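Everything below concerns the one structure shown next.
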There are 2 protein chains.
Amino acid sequence: MARLVEVDDAADPRLADYRDLRDVGLRRSLEAEHGLFLAEGEKVVRRAVEAGYPPRSFLMAPRWLDGLADVLATSDAPCFVVSESLAEEVTGFHVHRGALASLRRLPLPALDEVLREARTVVVLEDLVDHTNVGAVVRNAAALGVDAVLLAPRCADPLYRRAVKVAMGAVFAMPWTRLSDWYDALPSLSARGFTTVALSLAEDSEDLEAAVAGVDRLALVLGGEGHGLSERWTDTADRRARIAMSRGVEVGVDSLNAAAAAAVACYVARARSAGA
Amino acid sequence: MARLVEVDDAADPRLADYRDLRDVGLRRSLEAEHGLFLAEGEKVVRRAVEAGYPPRSFLMAPRWLDGLADVLATSDAPCFVVSESLAEEVTGFHVHRGALASLRRLPLPALDEVLREARTVVVLEDLVDHTNVGAVVRNAAALGVDAVLLAPRCADPLYRRAVKVAMGAVFAMPWTRLSDWYDALPSLSARGFTTVALSLAEDSEDLEAAVAGVDRLALVLGGEGHGLSERWTDTADRRARIAMSRGVEVGVDSLNAAAAAAVACYVARARSAGA
């Protein structure tokens, strides 16, 4: 059972994990240094703990204790009980969903482990917005993708905002970080995946044609704005596009990153079986 | 040619249109009262003016004048030339993209006018997040949707953040507001559209089956979180769903609003021709 610890001083050093949650720069260094991440809201806190992430501590107003009693019962971590105004003072914003937890990150799984049973994976190059990374993981999970691989510069899926947008899907979806950006796609091809890059390259074929009959498929998506690097575009086995309509007319010729990923996952799921 | 007016006092009343752009409540009342909206960034300002919205004024740092010279040449409105720090002081944030314009709203077109040539329309019930409304309009434009109809409580597509996310597609995409929420869907059916509501209702069929053979199609989408109202669910001609995978396993059983809309538009575009 988590120890309930009432705290009434916003400067209490035991609340350090929860400080200034809106300061992205500060949070990045603090979370990396201490190997922690934050979960927000009863549902997400519950999913994080159930997925096996060890809690460092909890922080909540008294009225949230009951809803999470069973989760608190499984942990020896302290649960800091604070007023809502104190929670706001520490975190820097109004904590709508009441409960917060600080959890320990786990070592990322090896690439081969993540790929072992996977038939369809999504590979993200430089998606730098936490909201987009969270949305891609959520939508990929809903559309049957087996794993997500992130290039070194992709935003952190365990950043609070990504976790929230993903509704906790980042805890259940197998994912890992690719350490070698340069040869990332050839190394997937060598493991038996057909890498299909979403790209407006001249030789891009229609996405449905590109994935037809592919057994193990890696859908490769670029970042916001600039799309895929030349290196990744060139080293993918195939380049494909989602055909646009009226793009020229309205001056918009692409879907936003999360929507493109969702449509691509939808098309991938419907692909005909491999030979 | 727009008159260039140098301003060096953040309190200058002529800058009233540009105040506190991050204060959603204030902006809503100010913009409604004066019938204005804001465009941000050279590309978006250009598209707004080219789409026929009359500028009330422009505001920019000197270095943005050249890039917009041809747009300024078409207008008699004042162009307030300010330092970047003064722009930040007035608007409340760092104006990355330099140029801002305040434009006059135009009367919304009548429903029949918007529908006249349309074969595929998207109908949004209570999508309240400006980012989501902007993303839906952008993705709908890219995927060949002819018009977007908004229920009374939907967020404003001309709010600065929606305009930005839509990359200006809100200027080119025909859209209007539905004045009658209660009978919105029957009135579309009466105009020859088959209304297909995305819904997890018990009688929801697969979306691809639901749109097959439909000539004039209205895709009906609900808001974030709660989805469609009972009234709209019941009064749609058909209810349909995007089949999810592994939803139960990871605790996520739906796409986010913008992604669901993109997938639905993609499926609608590929539908077989009507009888």
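Residues checked against (1) closer than 20 Å to A:CYS265 by Cβ; (2) within 14 Å of chain B (Cβ to nearest Cβ); (3) part of a helix (DSSP H, G or I):
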| position | (1), (2), (3) |
| --- | --- |
| A:SER102 | no, no, no |
| A:ASP112 | no, no, yes |
| A:ALA141 | yes, yes, yes |
| A:PRO152 | no, no, no |
| A:PHE171 | yes, yes, yes |
Taking the stretch B:242-275, which residues are at pLDDT below 95, more than 9 Å from every other protein chain (Cβ to nearest Cβ) and within 24 Å of B:PRO152 (Cα to Cα)?
-> B:ALA257
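For the stretch B:24-52, which positions are at positive phi and buried (at least 19 other Cβ atoms within 10 Å of the Cβ)?
Correct list: B:GLY41 only.
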Taking the residues in the stretch B:188-201 that are of a type in the set (Ser, Thr, Tyr) and either closer than 15 Å to B:ARG271 by Cα or surrounded by fewer than 21 Cβ atoms within 10 Å (Cβ to Cβ) (or both) as candidates, determine which candidate is nearest to the chain's Cα centre (by Cα).
-> B:THR195
Look through the stretch B:141-168, keep the residues that are of a type in the set (A, V, I, L, M, F, W, C) and in contact with a Pro (Cβ under 9 Å, 6 or more places away or on another chain), and return whichever of them is surrounded by the most Cβ atoms within 10 Å (Cβ to Cβ).
-> B:ALA166
Here the residues within the stretch B:74-131 that are open to solvent by less than 60 Å² (accessible area, probe 1.4 Å) and charged (D, E, K, R) are B:GLU125, B:ASP126
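Name the residues in the stretch B:174-187 that are part of a loop (DSSP other than H, G, I, E, B) and either surrounded by 24 or more Cβ atoms within 10 Å (Cβ to Cβ) or away from chain A (no Cβ under 14 Å) (or both), would you?
Matches in the stretch B:174-187: B:LEU178, B:SER179, B:ASP180, B:TRP181, B:TYR182, B:ASP183.
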For the stretch B:8-23, name all the residues that are in a helix (DSSP H, G or I) and open to solvent by 60 Å² or more (accessible area, probe 1.4 Å).
-> B:PRO13, B:ARG14
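For A:LEU59, state whether it is assigned by TED's automatic domain parsing to the domain that holds A:LEU100 and either part of a loop (DSSP other than H, G, I, E, B) or more than 30 Å from A:PRO109 (Cβ to Cβ) (or both).
So A:LEU59 fails the test.
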Which of the residues spanning the stretch A:158-169 are away from chain B (no Cβ under 14 Å) and over 14 Å from A:ARG47 (Cα atoms)?
-> A:TYR159
For the stretch A:202-215, name all the residues that are surrounded by fewer than 18 Cβ atoms within 10 Å (Cβ to Cβ) and in a loop (DSSP other than H, G, I, E, B).
-> A:GLU202, A:ASP203, A:ALA212, A:GLY213, A:ASP215
Identify, by number, the condition in (1) over 30 Å from A:TYR18 (Cβ atoms); (2) outside any strand (DSSP E or B) that A:ALA240 doesn't meet.
-> (2)
Looking for whichever is of a type in the set (Asp, Glu), touching a residue at least 40 places away in the same chain (Cβ under 8 Å) and out of contact with any Leu (no Cβ under 6 Å at 6 or more places or on another chain) here; the options are B:ASP20, B:ASP76. Which one fits?
-> B:ASP76
Which numbered condition A:GLY67 fails, given (1) part of a loop (DSSP other than H, G, I, E, B); (2) surrounded by fewer than 15 Cβ atoms within 10 Å (Cβ to Cβ); (3) more than 22 Å from the chain's Cα centre (by Cα) | (2)
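The values are calculated or read from the model by the stated rules, or taken from the named source; none is laboratory data. As the structure is a prediction and not an experimental result, all values here were calculated from the model. Glycine also receives a Cβ, built like all others from the backbone with ideal geometry; neighbour counts cover every protein chain displayed. Side chains are part of the model used for accessible areas, which takes the heavy atoms of the whole protein and leaves out ligands, DNA and RNA. Shrake-Rupley method; radii C 1.70, N 1.55, O 1.52, S 1.80 Å.
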